[in-house]
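What follows is one structure encoded as structure tokens, with my remarks underneath.
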Amino acid sequence: MSENGLTSGDFTQESEPFTLFGSWLKDAESSEINDPNAVALATVDEHGLPNVRMVLLKGYDEDGFVFYTNFESQKGEEILGQKKAAMVFHWKSQRRQVRLRGPVEIVSDADADAYYATRPRGSRIGAWASKQSRPLEGRFALEKSVAEYTAKFAIGEIPRPPHWSGFRIRPVSIEFWHDRPFRLHDRIEFRRDTPDGAWGKVRMYP
């Protein structure tokens, strides 16, 4: 039983996905060894070929799920090109999984600036120094770039790079999965036709 009193079956009675997600994330924060906010992010390129990688969720609310990246990276270019993405959280210690997908929008400059300002100074330097997803001729080239930007921003604040910001997935489906014996798992999917629509809910066969 989780801190909010939900058993594995009780969550199927929830009528809204974001409160349930917050409860599951809180449970994961108490049991996952590293990065309970780690999530697999799936995108597709212009040929429809998928890519998936781990990123960190940096915020969520009823408007969607937010992460930050270099827009010139592979995932940045694919999202900007297709304007859609999917995520899956897997909390092994909780025997739980959450999947979601939907269209993607860029966060406001104010939100991106506010988050960027919270990053360690070295991470802010790294956002300038790394040409993310592009070929690197050797480790020394990266270290040299870091040194150059460290010198450039030796005094004062480090501005947010123009190519670095955040994306928000506005889900049209969110599925909650909980492990049960004999692979007879509990699965509930919340669905809506548009990112601003009302949620419906359906129970799925495992």
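The values are calculated or read from the model by the stated rules, or taken from the named source; none is laboratory data. A quick note: this is a predicted structure, and the numbers were derived from the prediction, not measured. Neighbour counts run over all protein chains shown; Cβ positions are idealised from the backbone, glycine included.
Scanning region 127-141 for residues that are of a type in the set (Gly, Ala, Ser), farther than 15 Å from residue 71 by Cβ and part of a helix (DSSP H, G or I), which turns out modelled with the lowest pLDDT?
Taking the candidates together, the pick is 141.
Looking only at region 100-115, decide whether some residue is within 17 Å of residue 69 (Cβ to Cβ), modelled with pLDDT under 95, surrounded by 13 or more Cβ atoms within 10 Å (Cβ to Cβ) and among the hydroxyl-bearing types (Ser, Thr, Tyr).
No; the residues of region 100-115 include none that is within 17 Å of residue 69 (Cβ to Cβ), modelled with pLDDT under 95, surrounded by 13 or more Cβ atoms within 10 Å (Cβ to Cβ) and among the hydroxyl-bearing types (Ser, Thr, Tyr).
Go through region 127-172 and give me each residue that's among the basic types (Lys, Arg) and either within 21 Å of the chain's Cα centre (by Cα) or under 22 Å from residue 106 (Cβ atoms) (or both).
First, the residues of region 127-172 that are among the basic types (Lys, Arg): 131, 134, 139, 144, 152, 160, 168, 170.
Residues satisfying the conditions are 131, 134, 160, 168, 170.
Looking at 86, 112, can you tell me which residue is among the hydrophobic types (A, V, I, L, M, F, W, C), within 19 Å of the chain's Cα centre (by Cα) and under 20 Å from residue 44 (Cβ atoms)?
86
Identify, please: which residue in region 173-196 is without any contact (Cβ under 8 Å) to a residue 24 or more places away in the chain and closer than 19 Å to residue 85 by Cα and is, among those, farthest from the chain's Cα centre (by Cα)?
193
Go through the residues of region 190-197 one by one and say whether even a single one is part of a helix (DSSP H, G or I) and within 30 Å of residue 23 (Cα to Cα).
Within region 190-197, none of the residues are part of a helix (DSSP H, G or I) and within 30 Å of residue 23 (Cα to Cα).
Check whether at least one residue in region 1-17 is modelled with pLDDT under 95 and more than 22 Å from residue 190 (Cβ to Cβ), and report yes or no. Walk me through it before giving the result.
The first filter runs over region 1-17 and keeps only residues modelled with pLDDT under 95, leaving 1-16.
Going one step further and asking which of them are more than 22 Å from residue 190 (Cβ to Cβ), we end up with 1.
Within region 1-17, one or more residues are modelled with pLDDT under 95 and more than 22 Å from residue 190 (Cβ to Cβ).
Conditions (1) exposed (fewer than 15 other Cβ atoms within 10 Å of the Cβ); (2) of a type in the set (Asp, Glu); (3) out of contact with any strand residue (DSSP E or B) (no Cβ under 8 Å at 6 or more places or on another chain), marked per residue:
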site: 144; (1), (2), (3): yes, no, yes
site: 151; (1), (2), (3): yes, no, yes
site: 155; (1), (2), (3): yes, no, yes
site: 165; (1), (2), (3): no, no, no
site: 181; (1), (2), (3): yes, no, yes
site: 185; (1), (2), (3): no, no, no
site: 194; (1), (2), (3): yes, no, yes
site: 200; (1), (2), (3): yes, no, no
site: 204; (1), (2), (3): yes, no, no
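In region 30-73, what residues are more than 11 Å from residue 87 (Cβ to Cβ), hydroxyl-bearing (Ser, Thr, Tyr) and crowded, with 19+ Cβ neighbours inside 10 Å?
68, 69 - these are the residues of region 30-73 that are more than 11 Å from residue 87 (Cβ to Cβ), hydroxyl-bearing (Ser, Thr, Tyr) and crowded, with 19+ Cβ neighbours inside 10 Å.
Evaluate region 127-134: report whether one residue or more is free of Cβ contacts under 8 Å to residues at least 60 places away in the same chain, in contact with a Pro (Cβ under 7 Å, 6 or more places away or on another chain) and buried (at least 19 other Cβ atoms within 10 Å of the Cβ).
Looking for residues that are free of Cβ contacts under 8 Å to residues at least 60 places away in the same chain, in contact with a Pro (Cβ under 7 Å, 6 or more places away or on another chain) and buried (at least 19 other Cβ atoms within 10 Å of the Cβ), one finds at least one in region 127-134, hence yes.
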